[in-house]
Amino acid sequence: MQTFLRVLRWTLLTLVVLAVGTVIVAWFVDQRQSDEQLVNEFRDQRIRPSIHRYRVADPSGESEPRTIRFMETNAPGDSALPVVLFVHGAPSSLSFFNAFFKDTALLSRARLVAVDRPGYGYSDFGWVERSIVRQAKFLQPLIDRYRKAPFLMVVGSSYGGSVSARLAMNNPDRVNHVVFVSSALGPGLERTYPISYFADSPLVRWGVPTLLRLANDEKLAHRKALEAILPDWYRIKANITMLHGQRDELVYPTNVSFARKQLVNARVKQFLLPENRHDIVFNKRQYMTDILLNILNNYHLKETSTIKSIAER
């Protein structure tokens, strides 16, 4: 009995120390970069992204307009290149995809775009939006911005996959390809730790760092937000590529089978990585880049073949 109590005491103490340590680190570690920091990040590159913001009205009219920040490569007038739009998870920001904006192979093939989702980065930092439907409406101006692009691919990581799915539902004739990376797509098919409910209690919430509070608010509302888009999965007509770690204990691999059943009007290709957890963007970045390049190359070959066929008539 004494041994059990000693182990229990040390276990609880360890959990408390880890929780407190996480909160302390979160207060001092900011996962976002200012405009100036982003400029410095890419200063030595031949192709450098530019940073922009836009204002978008609340579709319900219940609140003030939202400010959304994004970065893109190439001039806005260049509509000849395919567009790849990256949508991050939580807690995160558009800086999560910086490494892709340094990849010369990708930069030569497409215009790259990354966005701070509502509440994150410098898109009204701290102002949470729990609805996937509303988040997609706040990002719709980006889809409209690239309406003349010959090919539009949306890449969503984790919670960003949920928003990417909604964007594809809303724009079946504009979004050509969606890449879901470790994406949370099925209601309830993700882990919610007990500490999430504890952190949401009135006595504790005030002390939780903004970045963690944002992620926690989305987490606790995620099931309901995903249920709200369930009826519209059939509207997705884009080709789909899914990357998921089979050891992902945060967003379960069953999200892949869930999505396959829902995607009745889309062609789906899946890559289940047996050794990976919720870490594909970090630990399999080149693998992920190769998949993106393969998609872009297939589009280029198809376009070249079409042009050649027209020329031979």
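If I filter segment 153-171 for residues that are on the phi > 0 side of the Ramachandran plot, at pLDDT 95 or above and touching a Gly at 6+ places or on another chain (Cβ under 8 Å), do I get at least one hit?
So the first thing to find is which residues in segment 153-171 are on the phi > 0 side of the Ramachandran plot, and the list is 158.
Still in the list and also at pLDDT 95 or above: 158.
Next cut, touching a Gly at 6+ places or on another chain (Cβ under 8 Å) only: 158.
Looking for residues that are on the phi > 0 side of the Ramachandran plot, at pLDDT 95 or above and touching a Gly at 6+ places or on another chain (Cβ under 8 Å), one finds at least one in segment 153-171, hence yes.
Select from segment 196-216 the residues that are part of a helix (DSSP H, G or I) and either surrounded by 15 or more Cβ atoms within 10 Å (Cβ to Cβ) or of a type in the set (Asp, Glu) (or both) and list them in ascending order.
Within segment 196-216, the first condition is being part of a helix (DSSP H, G or I), and the residues that meet it are 196-199, 202-205, 210-216.
Once the filter is applied, which keeps residues that are part of a helix (DSSP H, G or I) and either surrounded by 15 or more Cβ atoms within 10 Å (Cβ to Cβ) or of a type in the set (Asp, Glu) (or both), segment 196-216 yields Ser196, Ala199, Thr210, Leu211, Leu212, Arg213, Leu214, Ala215, Asn216.
Which residue is surrounded by the fewest Cβ atoms within 10 Å (Cβ to Cβ), if the candidates are limited to segment 257-286 and must be in a helix (DSSP H, G or I) and in contact (Cβ under 8 Å) with a residue 24 or more places away in the chain?
To start, the set of residues in segment 257-286 that are in a helix (DSSP H, G or I) comprises 257-262, 280-283, 285-286.
Cutting the leftovers down to in contact (Cβ under 8 Å) with a residue 24 or more places away in the chain gives us 258-259, 262, 280-281, 285.
On the way: Phe258: 18, Ala259: 25, Gln262: 19, Ile280: 21, Val281: 22, Arg285: 14.
Checking each candidate, the answer is Arg285.
If I go through segment 151-195 residue by residue, how many of them are within 18 Å of Met288 (Cα to Cα), in a loop (DSSP other than H, G, I, E, B) and among the hydroxyl-bearing types (Ser, Thr, Tyr)?
3
Checking Tyr299 against (1) modelled with pLDDT of 95 or more; (2) of a type outside the set (Lys, Arg); (3) closer than 15 Å to Val179 by Cα, which single condition isn't satisfied?
For Tyr299, the failing item is (1).
Only one of (1) in contact with a helix residue (DSSP H, G or I) (Cβ under 9 Å, 6 or more places away or on another chain); (2) surrounded by fewer than 24 Cβ atoms within 10 Å (Cβ to Cβ); (3) closer than 24 Å to Asp248 by Cα; (4) touching a residue at least 12 places away in the same chain (Cβ under 8 Å) fails for Phe180. Which number is that?
That leaves (2) as the condition not met.
Please go through segment 189-221 and give me each residue that is touching a Gly at 6+ places or on another chain (Cβ under 7 Å) and aliphatic (A, V, I, L, M), ordered by number. Walk me through how you get there before you give the answer.
We begin by selecting, within segment 189-221, every residue touching a Gly at 6+ places or on another chain (Cβ under 7 Å); these are 210, 214.
Selection gives Leu214 alone.
Strands (runs of 3 or more DSSP E) wholly in segment 17-125 with at least 1 residues that are at pLDDT 95 or above and charged (D, E, K, R) - which ones? I'd like the intermediate steps shown before the answer.
Numbers: elements: 50-56, 66-72, 83-87, 111-115.
Where strands (runs of 3 or more DSSP E) fall fully within segment 17-125 and carry at least 1 residues being at pLDDT 95 or above and charged (D, E, K, R), they are 50-56, 66-72, 111-115.
Among the residues of segment 196-215, which ones are within 18 Å of Glu249 (Cβ to Cβ) and out of contact with any Leu (no Cβ under 8 Å at 6 or more places or on another chain)? Even if it seems obvious, please write down each step before you answer.
Applying the first criterion (within 18 Å of Glu249 (Cβ to Cβ)) to segment 196-215 yields 196, 215.
Scanning segment 196-215 gives a single hit, Ala215.
The values are calculated or read from the model by the stated rules, or taken from the named source; none is laboratory data. No experiment lies behind these values; they were computed from the predicted model shown. Heads up, the Cβs are rebuilt from the backbone with ideal geometry, glycines too, and the neighbour counts pull from every protein chain shown.
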